[in-house]
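*Asks:* Pasting a structure below so you can have a look.
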Amino acid sequence: MQPSSIPNDILDRTLWSLTGWTDVDASREVVLAVMALAIFLATAPRGRRWLAWGPIALLFLALGMLGFAFVMPVTAGAAPPAHYILRFFVISSLLQSLLMVFAISGWERFASPMPKIFLDVLRWLTFAAALLIVLWEAGINAGELLTGSALITAAFGFALKDTLGNVFAGLAIHAEHPFEIGDWIQYDTNPAHIGRVVEINWRATKVITLDEAYVIIPNGQLAQASIRNFTKPEPWSRRSLYVVTPYEVSPQRVQAIILDAIRGSFGVLEKPPPSVVTNDFKERGVEHWVRLFTTEFDKRDRVDGMARDRIWYALARNGIQIPVATQSIRLTPLPPPPPPEPVETVIGRRVKCLDSVGLLASLGPQQVRLLAERNEERVYAAGEQIIRQGEDGQSMYVIMQGEVEVTARDGDGSPVSLGTLGPGDYFGEMSLMTGAPRVATVTTNSEACLLKVDKQSFKELIEAQPDLIEEMGSALRIRLEERSRAMAVAGRPVPEPQDIFGKIRDFFAT
């Protein structure tokens, strides 16, 4: 503001010569700017006070203009140029501090943080407002100034049309929220162009792809593209796998096997539940569409791979082979396949495994051999659940190769480990002998081969020799006492004693 007269005393004359202000005007402008800055620093949320660097820098620039004023002498009746520059810095600092108080200290206490690009736009507007105030006080008509530079403005606008387009596209992205930082998006029709958003700025959006490539996409290009967001509106996304099985196997049987196999696989959610449908009839066989959901989108290849592993093992255990392409032609004879393992070798291996089971110590050689002949070996992948707590069962498993872990849980609590079993150990004997539900979950720690002993083979032995109930019941009671001690050590409730002999008689009588 241009003063009406120049002060007479030495202090005021000196201040006037440097800034063009009287001491009262100078104090008012600077004090207001400092007070607004102090209010922001006192009320800003934690982690947002760093935004005060802008107003602080402007105040320091205003102080720096005092030194510049020494070389810009004042003319009579008019303020020096340094006065207007200094005033521009002080007003800009004041307006930016007020902006921070309302947009950060006020807004963020009741709503989500304002996007950075909007905040930047408002900060630039404060500079424009400060400039208009200074021009008006200097007696310059801002409207005439803008009219005179219309041609220059048009030239700059044409030269910067792509940049301005990206800026406005960035504003639209922040306003519509098609994606946010941390979301996984596909930014064009190429399936390989999928990445996690790490930054959205004025000009472009930056993503990191599954191949760890750093991609910068202009906002204008994103505004015109069809964007797929794999993280919104729900955090999970669906994965699709396709499995072909022979026509000889019923589709519903295959679908039940696949659903059971992928339960508990890495990254596969229970809710929404996975599903399997018959998708097509191919030359090779029936094509099944396996649909599962996961929140591990950045590890989707591992999720798919481990689910396929589970499916392969489950189909193999049930004697279902994935058919090869029927149109393949062999022009040269292949080497003969290795001869199958002799039956006696297989039976002998199973007999040796069963001989180590304490529960079967009362059985004679012929009875053990009968069990070895009537039951089968099964192979499980690492991490598969062989039996699950609470499920019905009528079989026992003897570990021939590999290692398993036994866990149990109370209600919705976390599973508690009851121990690790290796070759020669067995589990599931209570379900085999009494039909009781499984009391624990058994999961493989590595690929494991187990001999499954079912009720029917045991029923034949008991019908031929009824006194086995007394002998095996005594062995089972000892086994239950050992299990109760293990559960007590793990802090699990110990079940009440049961009438073992009566339960065995009732179970095998059916």
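*Asks:* Which whole-number percentage describes the relative contact order of the range 182-319, with Cα contacts under 8 Å and a sequence gap of 6 or more? All intermediate terms of the calculation are to be shown ahead of the outcome.
*Replies:* Details: 224 pairs, mean separation 29.4, N = 138.
Worked out over the range 182-319, it gives 21 percent.
*Asks:* Can you give the FRET efficiency to the nearest 0.05 for R374 and R291, using r as the Cβ-Cβ distance and R₀ = 51 Å? Mind dumping the intermediate values first?
*Replies:* Values: r = 38 Å, r/R0 = 0.75.
It comes to 0.85.
*Asks:* So how much slack lies between N445 and R238, counting 0.36 nm per residue of separation and subtracting their Cα-Cα distance, in nm? Please list the in-between numbers first.
*Replies:* Working: separation 207, 0.36 × 207 = 74.52 nm, distance 2.77 nm.
Contour length minus the Cα-Cα distance gives 71.7 nm.
*Asks:* To make sure I understand, if each residue's beta carbon is the centre and we count other beta carbons within 10 Å, what order do F427, F88 fall in, fewest to most? Don't skip to the answer; put the middle values down first.
*Replies:* On the way: F427 23, F88 20.
If I rank by nearby Cβ atoms, fewest first, I get F88, F427.
*Asks:* Further question on the same structure: What is the diffusion coefficient of the range 223-306 in µm²/s, taking the Kirkwood radius over Cα pairs and the Stokes-Einstein relation at 4 °C with a viscosity of 1.567 mPa s? Could the numbers behind the result be given before it?
*Replies:* Values: Rh = 14.1 Å.
Calculated translational D: 92 µm²/s.
*Asks:* With the radius of gyration and the Kirkwood radius both derived from the Cα set of the range 183-262, what is their ratio Rg to Rh? If you can, show how the numbers build up before the last one.
*Replies:* Values: Rg = 18.6 Å, Rh = 15.4 Å.
Ratio of gyration radius to Kirkwood radius for the range 183-262: 1.21.
*Asks:* Relative to the present Cα-Cα distance, how much length would full extension add between D280 and I39 at 0.36 nm per residue of separation? Walk me through the numbers on the way to the answer.
*Replies:* Working: separation 241, 0.36 × 241 = 86.76 nm, distance 6.82 nm.
Contour length minus the Cα-Cα distance gives 79.9 nm.
*Asks:* Exposure proxy check: Y214, Y84, Y426 ranked by fewest other beta carbons within 10 Å? Please list the in-between numbers first.
*Replies:* Values: Y214 10, Y84 17, Y426 22.
So the ranking, lowest neighbour count to highest, is Y214, Y84, Y426.
*Asks:* Extending each Cα 7 Å along its Cβ direction at R263 and R203, get the distance between those two points in nm, one decimal.
*Replies:* Using points 7 Å along Cα→Cβ, the separation is 5.5 nm.
*Asks:* Let me ask you something else. Taking 0.36 nm per residue of sequence separation and subtracting the Cα-Cα distance, how much length would be gained by fully extending the chain between W312 and S414, in nm to one decimal?
*Replies:* Details: separation 102, 0.36 × 102 = 36.72 nm, distance 2.94 nm.
So the chain would gain 33.8 nm between W312 and S414.
*Asks:* In what order do M472, M35, M306 fall by count of nearby beta-carbon atoms within 10 Å, going from fewest to most? Mind showing how you got there, number by number?
*Replies:* Details: M472 23, M35 12, M306 19.
Result, fewest neighbours first: M35, M306, M472.
Every read-out reported here was derived from the displayed coordinates using simple, explicitly stated rules and does not represent laboratory data. All values derive from a computational prediction rather than experimental measurement. Methodologically, a virtual Cβ is constructed for each residue, glycine included, from the backbone with ideal geometry; neighbour enumeration extends over all protein chains shown.
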